[in-house]
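Novice: Sending over a structure as structure tokens; questions will come in a sec.
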Amino acid sequence: MTQAVSELQQAWIQAITDRFRELKPRYNSEETSLEEKRQIAGDLRRLEAVSRAIRYDHAQRGVCIECGEAIPEARMQASPCTGWCLTCAAQQPTDGRGAGGGGSGGAGGLDFYDKT
């Protein structure tokens, strides 16, 4: 059962990542209206919330989202809500501002790729 849940959560993470990558350029486009930007920002915040919930669930179980291996206890103590082991965290994409995506301030500052 745990393997099936992990696979389902991994599929959700991939779907969220794909949707995030689709929405982000539209949000940053000068041609996008203010109203559409507000809608996109809301969508991005909801995607971030789902992503955080999945990462939190994995962290509570101490299982890496990517490889399924146990997250070392020292990493769990340093960052209790991490969803990735150190190896997989280093391989995750960022949004161009380094690991973690730069905080959670609005659509431009989502920490969707937060790997801490």
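Throughout, read-outs are computed from the coordinates displayed, never taken from laboratory work. Just so we're clear, the structure is a prediction, and the values are computed from it rather than from any experiment.
Novice: Want the number for Gln39 to Ala90: 0.36 nm per residue separation, take away the alpha-carbon distance, what's left? Let's see the in-between values first.
Specialist: Values: separation 51, 0.36 × 51 = 18.36 nm, distance 3.14 nm.
Gain in length upon complete extension: 15.2 nm.
Novice: So between Glu73 and Arg52, what do we pick up on full extension, going 0.36 nm a residue minus the alpha carbon distance?
Specialist: Numbers: separation 21, 0.36 × 21 = 7.56 nm, distance 1.99 nm.
Gain on stretching Glu73 to Arg52: 5.6 nm.
Novice: Residue separation times 0.36 nm, minus the C-alpha to C-alpha distance between Glu31 and Gln14: what's the value? Don't skip to the answer; put the middle values down first.
Specialist: Values: separation 17, 0.36 × 17 = 6.12 nm, distance 2.76 nm.
Additional length available on full extension: 3.4 nm.
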